[in-house]
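Engineer: Attaching a single structure in structure tokens format; questions to follow.
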Amino acid sequence: MFWVLLLLLAWAVAGTACTRLCLAAVRTAAVDADAGHGHDLTLYEAAFLSGGPARVADVTLVSMARQRRLLLAHTGWATVVDPWGRDEMERSVIVAIGPEGQSRIAPVRSAAADTDAVRSLGEELVRAGLAVPDAAARTTVASGVRQVRAAALAILGLAVVALTLPAPTEMPRDLVAVWFALPLTLTLSCLAIARVEVHPYSRWASPAGQRLLGTLHRRANRAADDHSRLASVAVRGIRAIGEPELRAAFAHRDQLPRE
């Protein structure tokens with residue numbers, strides 16, 4: 001009756017993995033229940049929740065360029081026109097460009113994304129329950145899903161071993177397969193529910209943050225003013241930039257300057 005031990009192991013694997021996933025989903029839902037009520041996202045907050053620090057830098061550059069306080073050439077260079085930033089993000093961009101007032105967009109974007117102002121913004125969003133706190137918390141539910149998938153594969157392996165055992169058993173092999181199908185069904189059902197309830201996973205925004213982003217995106221689609229166009233850039237990235245020359249400037253944003 002060695003197959004019984006394998007069946008018990010299959011149930012243990014399935015139960016442990018499904019329990020961890022359920023607990024992770026419950027913790028996420030508990031945090032989400034009290035987050036985001038009455039909070040209106042700023043452009044910088046929306047940018048961070050949508051694309052992280054780099055998106056904040058992009059929105060700052062686009063905003064300054066549209067106000068003619070920063071020139072972004074289609075060749076990928078940024079030139080300061082107004083050296084007085086109106087907030088911490090803009091001042092970070094001006095400092096990143098340097099005292100000469102001109103620099104490639106790629107290093108400016110990288111330096112502006114890695115500033116105290118952006119880090120403080122992220123910490124405030126975490127405290128508000130709109131952003132996930134770190135890489136470990138960000139992948140809690142996703143890790144649970146991976147564990148359940150691994151458990152399903154492990155159960156299949158245990159079933160194969162049980163069905164191919166040379167030792168004689170009084171239990172018909174088809175009935176043994178049915179017994180192993182039970183924990184397998186549990187894991188597959190858990191995966192199906194998780195996909196409906198907690199999919200997709202966001203790298204930066206919590207479920208509450210994703211809801212606010214959806215609201216902001218719908219508002220931006222209904223309006224056509226400058227703020228709404230910037231909101232579209234914050235949520236969707238540089239592909240939402242309408243001006244061809246400005247979009248061409250950002251086509252160089254990930255290229256390193258040549259020596």
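The values are calculated or read from the model by the stated rules, or taken from the named source; none is laboratory data. Computed from a predicted structure; not experimentally measured. Positions of Cβ are generated from backbone atoms using ideal geometry, with glycine treated the same way; all protein chains shown enter the neighbour counts. Each accessible area value is taken on the protein alone, full model and side chains, heavy atoms only, with ligands, DNA and RNA left out. Shrake-Rupley method; radii C 1.70, N 1.55, O 1.52, S 1.80 Å.
Engineer: Ignoring ligands and nucleic acids, what accessible area does residue 58 show with a 1.4 Å probe (Å², nearest 10)?
Structural biologist: 10 Å²
Engineer: Can you work out the Karplus-derived ³J(HN,Hα) for every residue in region 119-126? Use 6.51 cos²θ - 1.76 cosθ + 1.60 with θ = phi - 60°, whole Hz, and x for glycine or proline.
Structural biologist: 5, 5, 4, x, 5, 5, 5, 5
Engineer: Report the extension gain between residue 27 and residue 218 in nm, rounded to one decimal, defined as 0.36 nm multiplied by the number of residues separating them, less their alpha carbon distance. Provide the component values of the computation, followed by the final result.
Structural biologist: Values: separation 191, 0.36 × 191 = 68.76 nm, distance 2.84 nm.
Value of the extension gain: 65.9 nm.
Engineer: Right, here's the next one. Can you list residues from other chains, or at least 5 along the same chain, whose modelled amide H is less than 5 Å from the amide H of residue 104?
Structural biologist: Distant-sequence amide H within range of residue 104: 78.
Engineer: Given R₀ = 25 Å, what would the calculated FRET efficiency be for residue 39 paired with residue 245, taking r from the Cβ atoms and rounding to 0.05?
Structural biologist: Plugging the Cβ-Cβ distance into 1/(1 + (r/R0)^6) gives 0.10.
Engineer: If R₀ is 41 angstrom, what is the calculated FRET efficiency for the pair residue 189 and residue 128, using the beta carbon separation as r and rounding to 0.05?
Structural biologist: Numbers: r = 34 Å, r/R0 = 0.84.
So the FRET efficiency works out to roughly 0.75.
Engineer: Could you give me the ³J(HN,Hα) list for region 44-60, computed from phi with Karplus coefficients 6.51, -1.76, 1.60 and θ = phi - 60°, whole Hz, x at Gly and Pro?
Structural biologist: The phi angles translate into 5, 5, 4, 5, 5, 5, 8, x, x, x, 5, 5, 4, 4, 4, 5, 4 Hz.
Engineer: Something else: What FRET efficiency comes out for residue 174 versus residue 211 if R0 is 51 angstrom and r is the Cβ-Cβ distance? Round to the nearest 0.05.
Structural biologist: It comes to 0.60.
Engineer: Which order do you get for 39, 227 if you rank them by accessible area with a 1.4 Å probe, largest at the top?
Structural biologist: So the residues, ranked largest to smallest area, are 227, 39.
Engineer: List the GluC sites (Glu not before Pro) within region 64-111 that fall in a DSSP loop (any state other than H, G, I, E or B) and whose Cβ has at most 14 other Cβ atoms within 10 Å.
Structural biologist: Here the GluC sites (Glu not before Pro) that fit, given the DSSP loop and packing criteria, are 100.
Engineer: Mind checking the per residue accessible area of region 43-124 for me, 1.4 Å probe, whole number of Å²? Mind showing how you got there, number by number?
Structural biologist: Numbers: 3620 Å² over 82 residues.
For region 43-124, the solvent-accessible area averages 44 Å² per residue.
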